[in-house]
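Scroll down for the structure; my scribbles are underneath it.
Please treat every number below as a calculation from the coordinates, not as lab data. Predicted model, so just to flag it, every value in this text is computed and none were measured. FYI the Cβ positions are ideal-geometry reconstructions off the backbone, even for glycines, and counts take in every protein chain you see.
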Amino acid sequence: MSRRAATLIFASALILVLGMVGAFIPVPYVALRPGPTTDTLGQLGKAPLIQITGAKTYPSTGHLNFVTVAYQGGPGNRIDLFTALRGWLDPTVAIVPEEAIFPKHVSTKKVEQENTEEMTSSQEAATAAALRELHMPTTTTVIVDSVQPGMPAAGKLRAGDEIVAVDGKKIKQVPEVSGVISGHKAGERVKFTVRRGGKEIPVEVTTVASTDKTAAGKPVVGVVLREKFTFPVTVKISVGDVGGPSAGLMFSLGIYDKLTPLELTGGRFIAGTGTITPEGQVGPIGGIQQKMVAARDAGATVFLTPTQNCGDAVASKPKGLRLVRVDTMHSALQSLSALRTGQGSIPACAAK
């Protein structure tokens with residue numbers, strides 16, 4: 001064998017070995033795949049996924065499924081280059097930068113904790129939206145969830161304080177607090193009335209300019225607020241270790257269905273996604289492509305799609321899945337009624 005041929009064989013073998021080794025090098029990407037889909041009208045283990053006490057409930061047929069996205073990768077458990085390349089070639093998989101799921105300087109544990117908190121908040125919002133749609137009385141109060149150390153509110157406001165009023169304005173929702181504070185300049189005082197230990201007390205806090213990139217220069221006091229709801233019924237939703245806010249719409253529809261004798265689905269297998277506010281506004285979610293695949297694979301024929309996700313949904317819609325555009329819980333109920341009765345319009349998703 002000539003020296004040239006031997007050199008070519010050696011170089012080819014070296015390239016092959018390096019390529020094989022390189023394929024298993026961890027890369028800072030995350031693979032998003034279709035995840036489990038669960039019927040809000042069904043069971044989780046031996047118990048109903050949605051349990052309601054304090055009001056009469058009704059049996060249902062059909063499905064109202066929420067859908068999830070499974071992820072592979074992340075800090076400390078990165079996928080390799082081969083897995084990433086294979087995912088790029090699979091139309092049902094999305095390969096996204098690690099920072100899109102796990103922001104820098106935020107631990108995996110913190111991300112999972114935030115997802116759990118978002119799931120809890122979405123269940124409360126879904127309950128509020130459903131009961132308001134049913135004209136069942138609910139009350140809302142604004143609570144101090146936490147106080148940021150080193151900020152003006154530290155030592156003055158406390159976690160658990162109920163914000164009754166700000167500058168004399170009665171408070172019912174979190175945005176109302178932000179609205180009053182933003183009417184001040186940094187360095188000005190804001191007068192809070194809080195309920196603490198059963199008594200109303202006045203608290204004055206001086207604002208400072210925010211250093212957050214998304215709100216730089218705006219007046220803040222350094223508190224995290226949340227809304228606390230009081231409902232006429234008790235709603236318990238069990239979803240296991242699923243996190244995030246994107247099942248809110250389907251939770252609200254499941255609660256509504258159980259509290260009404262009229263079945264929303266008409267026996268159909270309906271799936272969907274979307275965040276929900278206590279007022280019933282439906283918001284966009286991530287992973288729409290993977291969620292549609294999961295829904296269709298499970299047997300869904302109709303998919304309730306947030307308006308802001310419609311463009312991406314149309315571009316990758318699985319065959320046999322009808323996309324219904326929704327922007328509020330009320331519009332979702334109207335579309336389900338039209339599907340069930342054959343009367344009325346059903347808004348469809350449009351391409352970008």
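Overview of values
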item: Relative contact order computed over the chain (Cα-Cα under 8 Å; 6+ residues apart), in percent; result: 20
item: Karplus 3J(HN,Hα) series, Hz, for region 114-119 with 6.51 cos²θ - 1.76 cosθ + 1.60 (x for Gly, Pro); result: 5, 4, 5, 5, 5, 5
item: Region 139-230, dipole about Cα centre (Lys/Arg Cβ +1, Asp/Glu Cβ -1), debye to the nearest 20; result: 100
item: Among Ala47, Leu64, His105 the positive-end extreme of the charge dipole of region 40-162 (Cβ point charges); result: Ala47
item: Vicinal HN-Hα couplings computed from phi for region 331-336 (Karplus, 6.51 cos²θ - 1.76 cosθ + 1.60; Hz; Gly/Pro x); result: 5, 5, 5, 5, 5, 5
item: Theoretical ellipticity at 222 nm over the chain - DSSP helices of four or more residues, -39500 (n - 2.57) apiece, nearest 500; result: -9500 deg cm²/dmol
item: For His63, distant residues with modelled amide H under 5 Å away; result: Arg268, Phe269, Ile270
item: Hydrodynamic radius by Kirkwood, which averages 1/r over all alpha carbon pairs of the chain, in angstrom; result: 23.2
item: Cα-centre dipole for the chain with unit charges at Cβ (Lys and Arg positive, Asp and Glu negative), debye to 20; result: 300
item: Sequence-separation-based contact order of region 169-235, relative, with Cα cut under 8 Å and 6+ spacing, percent; result: 28
item: Reach of Lys352 by Cα under 17 Å, taken over lysines that are not fewer than 8 positions away in the same chain; result: Lys317
item: Under 5 Å, built H, 5+ apart or other chain: amide partners of Ser210; result: Gly217, Lys218, Val220
item: Amide H partners (placed H, <5 Å) of Thr273, local residues excluded; result: Leu304
item: In order through region 263-276: 3J(HN,Hα) via Karplus (6.51 cos²θ - 1.76 cosθ + 1.60), integer Hz, x for Gly, Pro; result: 6, 5, 7, x, x, 7, 9, 10, 10, x, 7, x, 6, 9
item: Rel. contact order, % - alpha carbon contacts under 8 angstrom, at least six apart, region 70-188; result: 14
item: Sorted peptide list for 284-295, 324-335, criterion being average Cβ within 10 angstrom, highest first; result: 284-295, 324-335
